[in-house]
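Taken together, the values in this text are just the output of simple stated rules run on the coordinates, not laboratory data. This one's a predicted model, so the numbers in the text were calculated from it and none came from an experiment. Virtual Cβ from ideal backbone geometry, glycine too; neighbours counted across all protein chains shown.
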Amino acid sequence: MLKKNWKVLLIASLLILLPVLAGLLLWDQLPEQIPTHWNASGEVDGWSSKAFAVFGLSGIMLAIQWICVLGTLADPKKNNHPKKILHLVFWIIPVLSNLLYAVTYAVALGKEVRMEVVIPVFMGLLLAIIGNYLPKCKQNYTIGIKIPWTLNSEENWNRTHRFAGRLWVVCGLVIMLTGFFGGFWVFFGIVLAMVIAPFLYSYLLHRKGI
């Protein structure tokens, strides 16, 4: 499977490293300490050296990409992965990495960025996209809601993922709105519901013999 996808993995990896090139071009303009973490209010609460921000974070994102891809391709049920799901695995981290780096560099260069808006919008959009793909997931060990009841019953898996897919799309859109109307606890409560509700739904199906 990796032999068939090595070109895609190579292109995705190069895309993850693209912010390093941007960082080198902006090197003289970037400050020695760059903000790399923000709290729920959008205030900077974590800084990194210029070298780590430019090179280290890209390296971490690249490592995560390879772990996710190799883990997915090593799945004993990898043949159950639709092409759209594999595309998501290959491209979600490169796209997210470049978006986050664009914001990080903008803030480092003194541009005004409302992180309390940007973060929920990014997270909500990401969760909504994942939710759209969840119903397309077939039973496997790496992607989806992998709990005993879904792994032991294909019908339970399919019903749980259809339910979770709709829930995640709606909640993702609501999370995006919390960037403009809401706060941390609203965001946290929605994410908690997204995790707990599919778990309980699958369990109730299991109790019914599904």
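Structure above, values below:
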read-out: Gyration tensor (alpha-carbon) shape descriptor, the stretch 115-210, a/c threshold 1.5; value: prolate
read-out: Candidate lysines - alpha carbon under 19 Å from LYS50, same-chain residues fewer than 8 apart omitted; value: LYS111
read-out: Dimensionless Rg/Rh of the chain - Kirkwood Rh, Rg from C-alpha atoms; value: 1.02
read-out: Under 26 Å from the Cα of LYS78 - lysines, other chains or at least 8 residues apart; value: LYS3, LYS4, LYS7, LYS136, LYS138, LYS146
read-out: Average Cα contact separation per residue, the stretch 89-210, under 8 Å, 6 or more apart, as relative contact order %; value: 29 percent
read-out: Within the chain, helix-based [θ] at 222 nm, where runs of 4 or more DSSP H residues each add -39,500 (n - 2.57), nearest 500; value: -23000 deg cm²/dmol
read-out: Protection proxy ranking of 72-78, 27-33, 167-173 - average other beta-carbon atoms within 10 Å, highest first; value: 167-173, 72-78, 27-33
read-out: Normalised contact order of the stretch 1-113, rounded percent, pairs of Cα under 8 Å and 6 or more residues apart; value: 37 percent
read-out: Positive-end residue, the stretch 1-113 charge dipole about Cα centroid, Cβ charges, pick of PRO35, ALA106, SER13; value: SER13
read-out: Label point distance in nm, ALA74-LEU9, each placed 7 Å from Cα along Cα→Cβ; value: 1.1 nm
